[in-house]
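The values are calculated or read from the model by the stated rules, or taken from the named source; none is laboratory data. Note that the structure is a prediction, hence the values are computed from the model and not measured. Here the Cβ positions follow ideal geometry from the backbone for every residue, glycine too, while neighbour counts run over all protein chains shown.
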Amino acid sequence: MKKILIVLVLAFLSGCMSITKVEGEQVVNNRMAVKVTDAWNKVSAPGTQQPFDMWTQEGLTLDHLRLWAAIKPGQALLVRPAGSVPVGQKAARVPTYQSGMPLDQLVNLFEVLYSADGSMVSMTKVEPAVFAGEKGVRFEFSVTRKGDDVQLKGVGWLSQRKDELYAATFLAPKLAFFPRLLPKAESVVRTAQIKG
Amino acid sequence: MTYPMARAGASVLLCALALIHAPVQAQQSKNLAPGFSQRPAASKLVVVPADMELFSIGAGGVPEPRADWTLAAQKNVQAGLAARKLQLGGEVLGLEEKDMDELADINSLHGAVAQSVFLHHMMGGVLKLPTKNDALNWSMGDAVKPLKDKTGADYALFIWIRDSYASNERKAAMIAMAMLGVGIAGGAQIGYASLVDLNDGRIVWFNDLRRGIGDLREAEPAKETVDVLLKGFPASR
Amino acid sequence: MTEMVLGGRRAFLRSACKHCLGMGALLPGLPAFAQGVAAVDSAGMPLPAERFSRPALETDEGGLWGMMDREETRLRRSPFVVRDAELGKYLQDLVCRLAGDHCPDIRVHVVRTPLFNATMAPNGMMQIWTGLLLRVENEAQLAAVLGHEIGHYLERHTLERLRDLRSRAAFAQFIGMFGLVGAIGQLGALAGAFAFSRDHETRADRLGMRLMKRAGYDGRQAAQVWDNLLGELKITGGEDVGKRSPMMATHPPVETRRDELLKLAGDAPGSTGAEQYQQAVSRFRLGWLQDEIRRGQFEESLVLFNRFLSRNAQDTQALYARGEVYRLRAGQQDLQFSLDDLTRSTALDQAPAEAFRALGLVQKQRTDGPAAVRAFEKYLAVAPEAADAGLIKNYIAELTP
């Protein structure tokens, strides 16, 4: 099976992974509330704690909705798994939020994030928008996945408040899945509200 | 350079073998999409070239690809499918490998869908997607249109198999280790067979294979693997 | 089943430099083994004159070919392959000059990946990554790397490695069976496997040198490749990365390699083919520079772009690229460095549209509104269909009183 599957199977076997149903009122990282009308599946991997929540409709090899809330300056948007850095080597840079980053640079963080596994990423649209009640940006992008050559389409939203970053990205195969599932992602993202 | 994760990964892989040796679930409803039980009479089926790779495992556990076995397996699976003409139904079309050039996107997309079905539905357990309510409910939608247009078929059968066999040295090592009280894996089959409705893109039937036995290299035992893989394959009436 | 079966066909590909440039960030690593060094045979190596014929299906070589054929079928359909007739012909011709009679058996595929690497499979499938094409400065340097890969192919190293791994693993199992020294014994038996690989790499370097010289290239450029790479490697590997022979290295230390190649090159003259090379890749360079920037590895990118600019201070695209990286890194003095580079880039002919965008963003960051608006408007004039036109127009509106 392809690499993605192996990683998932290993995570499952290490007793790490769990998948729970999410619907109704949900809160991300205690700081961002969303309303979920059509239930999603939330994937948790307590092993490597990522700074985002990850939800899926059809499965991890197909689509995901990632939600970041109250990311602080100096915090990475993605955590590289333990043991991925060879002994004696310095770790590679990971996209990291800094306060005062302009919107275009925040979008760039996600471009880097999605290319980290060797996938080809291209931003196709970037325009001002409101997310979680704050002025920010909405961006569209395409990803060609390195692992299996599948072409995916994505949409992202981000904004800041008081030097904290809030963001969401939805990615799904360009054929059939993206058009069908985007409304479900949008209906969640539309309701996002910063708490506290 | 040492890579600590790879070392940890090795021990977890041993656990993976336990999973691979798990018995195949034979529940009818797990393999069928809700509301689907058989294909309409006179429906056409296209068999997509099976994606197979057979390996020999040497005494030390190193897997080596075997082209002759893979070729034999491809022939045997084709023969096995042909021998089940009754089960497959009247009109069965084949596709050549070169036909797949223009169908690469559908093929890779189906691979991703099949992986999610395999992981979240067939393996299930803690990996189940609660919103699926234990149903085989996946669809490729209109992504399958080019395949339908090209072949005129109503259904497509995709097969994927990875199979490894213990070489004689490996078997000897297994016996020796067994005498010392240690079990080592001899080889395993993992794979899936997936039936897609080309009119609406739904996966209407899916079966997976996870076991430590089975032999695709010879015609007769290969028929057995095909039998297990296609167990419950929906007839056309 | 082991990782290689589950890991797929790509695990079997030979690579020029598995641990170069961020590979550790992308690919799972090799397991740890103890070090052992095999003596390298410095006797002359004969070049196999006869082309290889397809091996019988039931042999281990046949198995590898079969698997690589299937991988090549997938590759031919992959969106990652750069399909350009002109570039393809240029590279195939170069490979033919190097491989001589074996030319018809080697098929070149250019794969869009922003890392320094090339691989060669026993069935003749060669992959060249765009990160390599970005980094080499001339035809001779490319010939050195491709010659090295052809060297692996001609000596059937992948096959040897598989056979060797198989017998070593069996030996290790044998030791394990009788409970002798347990894990350490197994490590000792398998340690040789990596020395064997290092021997392969040295042989491939030598064979590659012979091939490139035979084709008329300046052998010293082979050493230059590694010298150039050292700078980037030091970013994550530290200052002594070039001298290290880390525990499980499959390749000799980079400095050793460079020095050996320099010795092998001697004083013989040869061509470098800088102009021909730059001509062949000029259409793609901006895209590859942007792929490099997208990696987000600022320090490595700066080393690379500094090198380009040390060769040609008026390299418009490199000025833009370096300016962009300074802007994104946003370190203490980076904004000033960025402004300098982008001002120079946009003043030159052929400045890419993106340079004006970057300049505008820097001016905005420096709160020089009018300058920012000027640059943004130039950007939108040149690239009205830009993906971020919406955002940039919004910036213009914000900055215009």
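One residue stands out in the stretch B:124-143 among those that are under 20 Å from the mean Cα position of the chain (by Cα) and either facing another protein chain (nearest Cβ under 8 Å) or of a type in the set (Gly, Ala, Ser) (or both): the one that is nearest to residue B:34 (Cα to Cα), namely B:135. Checking each residue in the stretch B:176-201 for being more than 10 Å from chain C (Cβ to nearest Cβ), outside any loop (DSSP other than H, G, I, E, B) and either in contact with a Pro (Cβ under 8 Å, 6 or more places away or on another chain) or at pLDDT 70 or above (or both) picks out B:191, B:192, B:193, B:194, B:195, B:196, B:197.
When the helices (runs of 4 or more DSSP H) confined to the stretch C:1-112 are screened for residues that are of a type outside the set (Ser, Thr, Tyr), at pLDDT below 85 and closer than 27 Å to residue B:165 by Cα, those reaching at least 2 such residues are found at C:3-7, C:60-76.
Name the residue, out of B:71, B:45, B:81, that is more than 7 Å from every other protein chain (Cβ to nearest Cβ), modelled with pLDDT of 50 or more and under 17 Å from the mean Cα position of the chain (by Cα). Being more than 7 Å from every other protein chain (Cβ to nearest Cβ), modelled with pLDDT of 50 or more and under 17 Å from the mean Cα position of the chain (by Cα) holds for just one of B:71, B:45, B:81, which is B:81.
If I ask for residues that are within 13 Å of another protein chain (Cβ to nearest Cβ) and assigned to a loop (DSSP other than H, G, I, E, B), which ones from the stretch A:154-178 would you list? Matches in the stretch A:154-178: A:174, A:175, A:176. Restricting C:266, C:287 to residues that are on the phi > 0 side of the Ramachandran plot and surrounded by fewer than 20 Cβ atoms within 10 Å (Cβ to Cβ) narrows the list to C:266.
Here's the yes/no breakdown for (1) in a loop (DSSP other than H, G, I, E, B); (2) within 30 Å of residue C:384 (Cβ to Cβ); (3) touching a residue at least 60 places away in the same chain (Cβ under 8 Å); (4) away from every other protein chain (no Cβ under 11 Å):
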| position | (1), (2), (3), (4) |
| --- | --- |
| A:65 | no, no, yes, yes |
| A:73 | yes, no, yes, yes |
| A:104 | no, yes, no, no |
| A:124 | no, yes, no, no |
| A:127 | no, yes, no, no |
| A:135 | no, yes, no, no |
| A:152 | no, yes, no, no |
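Considering the stretch A:106-122, and only residues there that are more than 14 Å from chain B (Cβ to nearest Cβ), of a type outside the set (A, V, I, L, M) and in a loop (DSSP other than H, G, I, E, B), the residue that is farthest from the chain's Cα centre (by Cα) turns out to be A:118. With respect to (1) modelled with pLDDT of 90 or more; (2) farther than 28 Å from residue C:374 by Cα, the lone exception for residue C:335 is condition (2). Spot the failing condition for residue C:292; the list is (1) within 14 Å of chain A (Cβ to nearest Cβ); (2) over 18 Å from residue C:354 (Cα atoms); (3) among the acidic types (Asp, Glu), and only one is missed. Exception for residue C:292: condition (2).
Within the stretch A:88-103, identify whether any single residue is in contact with a strand residue (DSSP E or B) (Cβ under 6 Å, 6 or more places away or on another chain), surrounded by fewer than 20 Cβ atoms within 10 Å (Cβ to Cβ) and not charged (D, E, K, R), and answer yes or no. Looking for residues that are in contact with a strand residue (DSSP E or B) (Cβ under 6 Å, 6 or more places away or on another chain), surrounded by fewer than 20 Cβ atoms within 10 Å (Cβ to Cβ) and not charged (D, E, K, R), one finds at least one in the stretch A:88-103, hence yes.
Looking at A:11, A:39, just one residue is at pLDDT 90 or above, surrounded by fewer than 22 Cβ atoms within 10 Å (Cβ to Cβ) and either under 29 Å from residue A:151 (Cβ atoms) or out of contact with any strand residue (DSSP E or B) (no Cβ under 6 Å at 6 or more places or on another chain) (or both), and that residue is A:39. Condition first: more than 30 Å from residue C:58 (Cβ to Cβ) and basic (Lys, Arg). Can you find one or more residues in the stretch B:124-131 that meet it? Looking for residues that are more than 30 Å from residue C:58 (Cβ to Cβ) and basic (Lys, Arg), one finds at least one in the stretch B:124-131, hence yes.
Taking residue B:105 as the residue in question, decide whether it is surrounded by fewer than 20 Cβ atoms within 10 Å (Cβ to Cβ) and within 10 Å of another protein chain (Cβ to nearest Cβ). Answer is yes for this residue.
The residue that is farthest from residue A:164 (Cα to Cα), counting only those in the stretch A:84-102 that are β-branched (Val, Ile, Thr) and assigned to a loop (DSSP other than H, G, I, E, B), is A:87. When C:314, C:350, C:336 are checked against the criterion of being assigned to a helix (DSSP H, G or I) and surrounded by fewer than 20 Cβ atoms within 10 Å (Cβ to Cβ), C:336 stands alone in meeting it. In this structure, does residue C:279 turn out to be surrounded by fewer than 17 Cβ atoms within 10 Å (Cβ to Cβ) and either more than 13 Å from every other protein chain (Cβ to nearest Cβ) or under 20 Å from the mean Cα position of the chain (by Cα) (or both)? So residue C:279 fits the description; yes.
For residue B:149, the stated conditions do not hold, so it cannot be described as modelled with pLDDT of 95 or more, within 26 Å of residue B:91 (Cα to Cα), surrounded by fewer than 22 Cβ atoms within 10 Å (Cβ to Cβ) and within 14 Å of chain A (Cβ to nearest Cβ).
Somewhere in the stretch C:293-304, is a residue crowded, with 21+ Cβ neighbours inside 10 Å, farther than 30 Å from residue C:206 by Cβ and assigned by TED's automatic domain parsing to the domain that holds residue C:350? Checked the stretch C:293-304: no residue is crowded, with 21+ Cβ neighbours inside 10 Å, farther than 30 Å from residue C:206 by Cβ and assigned by TED's automatic domain parsing to the domain that holds residue C:350.
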